[in-house]
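The values are calculated or read from the model by the stated rules, or taken from the named source; none is laboratory data. No experiment lies behind these values; they were computed from the predicted model shown. No Cβ is skipped: glycine too gets one built from the backbone with ideal geometry, and neighbour counts run over all protein chains shown. Only protein heavy atoms, including side chains, enter the accessible area calculation; ligands, DNA and RNA are left aside. Shrake-Rupley method; radii C 1.70, N 1.55, O 1.52, S 1.80 Å.
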Amino acid sequence: MAGTASVAGEVFVDALPYFDQGYDAAGVREAAAALVEEETRRYRPTKNYLSYLPTPDFSAFETEIMRNEFERLAARQPMDLLSMKRYELPAPSSGQKNDITAWQECVNNSMAQLEHQAVRIENLELMSQYGTNAWKVYNDNLAFMIEMAQKELQKFRKQIQDLNWQRKNDQLAGGAKLRELESNWVSLVSKNYEIERAIVQLENEITQLRQQQGDENKENIRQDF
């Protein structure tokens, strides 16, 4: 529960959840949920709370390939199939069977494909020889990053726990002070009531005495005559 805000954006919280009692009573949770639901139904934001932020540029990190792909998705066009044309070794067409240039292009294509496969084999051999150590180094770096992230997580958890303990101690101290003040208030109200009752009683007695004195004066006057 929050009190009235004295300054825009400033809210005074008057709830002490670590000290207050009765949250687990029957119907309390349902009543709170009903109040929240009622407020959310009639609440209408009056301003843009993100107006102080600059307008986001969602295309800042888009590449040409990403932009083309987004446009394809927006147009609901199918994805282009993977082209295997460069891996093919086609022979010259039937009309170019006797063309030396066409055969030379086919031979050059075959040599390029052969060189490509040789490079792949060399890469596999290098990976077989050095890939294990590289993977171990990567795993070590990954384990170090995980360890640092866990330490950071433990630090934040400790800060949250310390903050909750501080809130609990502050609320218990504030609750005890409120209970003491409430007890003093009840005592003072009771004393005021007793004083007011005594005053009324004294006023009644004074009135009775005055009335009695007046009656006696009347009786004396009557006797004098």
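In degrees from 0 to 90, rounded to the nearest 10, what is the angle of the helix 100-224 Cα long axis to the longest principal axis of the chain? That works out to roughly 10 degrees. Taking a Cβ cut-off of under 13 Å around Q208, the surrounding Lys, Arg, Asp and Glu residues balance to a net charge of -3, with basic ones at +1 and acidic ones at -1.
Calculated from the structure, Rg and Dmax of the Cα atoms in Å equals which of (i) 34.3, 113; (ii) 45.6, 170; (iii) 17.6, 49? Matching the structure shown: (ii).
Computed from point charges on the beta carbon alone (+1 for Lys and Arg, -1 for Asp and Glu), the dipole magnitude for the range 1-160 about its Cα centre is near 80 Debye. Cα extents for the range 140-208 along the principal axes, largest to smallest and rounded to whole angstrom: 100, 9, 6. For S94 and A149, the difference between the fully extended length at 0.36 nm per residue and the C-alpha to C-alpha distance is 13.3 nm.
With the Kirkwood sum run over all distinct C-alpha pairs, the range 59-190 has a hydrodynamic radius of 24.3 Å. With respect to the chain, whose longest principal axis is taken over its alpha-carbon atoms, helix 28-42 is tilted by about 70°. Taking label positions 7 Å along the Cα-Cβ direction at both R197 and Y18, the computed distance is 4.1 nm, reported to one decimal. Applying the criteria of a DSSP loop state and at most 11 other Cβ atoms within 10 Å to the GluC sites (Glu not before Pro) of the range 81-144 yields E88.
Any idea of the accessible area per residue across the chain, 1.4 Å probe, to the nearest Å²? Each residue of the chain exposes 94 Å² on average to a 1.4 Å probe.
Listed by chain and number, the lysines placed with their C-alpha closer than 28 angstrom to that of K191 are K177; residues fewer than eight positions away on the same chain are left out. For the options Q213, Q201, Q150, a Gaussian network treatment of the chain with springs between C-alpha atoms closer than 10 Å singles out Q213 as fluctuating the most. Note on the chain: dipole from Cβ charges, positive end direction compared against A25, L181, F70; the farthest Cα belongs to F70.
Computed 3J(HN,Hα) for the range 64-74, one whole-Hz value per residue from the Karplus formula 6.51 cos²θ - 1.76 cosθ + 1.60 where θ = phi - 60°, is 4, 5, 5, 4, 5, 5, 4, 5, 5, 5, 5, glycine and proline marked x.
Using the Cβ-Cβ distance between I206 and V28 with R0 = 45 Å, the FRET efficiency computed as 1/(1 + (r/R0)^6) comes to roughly 0.30.
Put simply, when 176-184, 41-49 are sorted by average Cβ atoms within 10 angstrom per residue, most first, you get 176-184, 41-49.
Using only the Cα atoms of the range 57-104, construct the convex hull and provide its projected area averaged over every direction, in square nanometres to one decimal.
Over every viewing direction, the Cα hull of the range 57-104 projects on average to 6.2 nm².
Only helices enter this figure: runs of n ≥ 4 DSSP H residues, each worth -39500 (n - 2.57), summed and divided by the residues of the chain, yield -25000 deg cm²/dmol at 222 nm to the nearest 500. Across I206, I195, I146, mean-square fluctuation computed from a Gaussian network of the chain (C-alpha pairs under 10 Å connected) peaks at I206.
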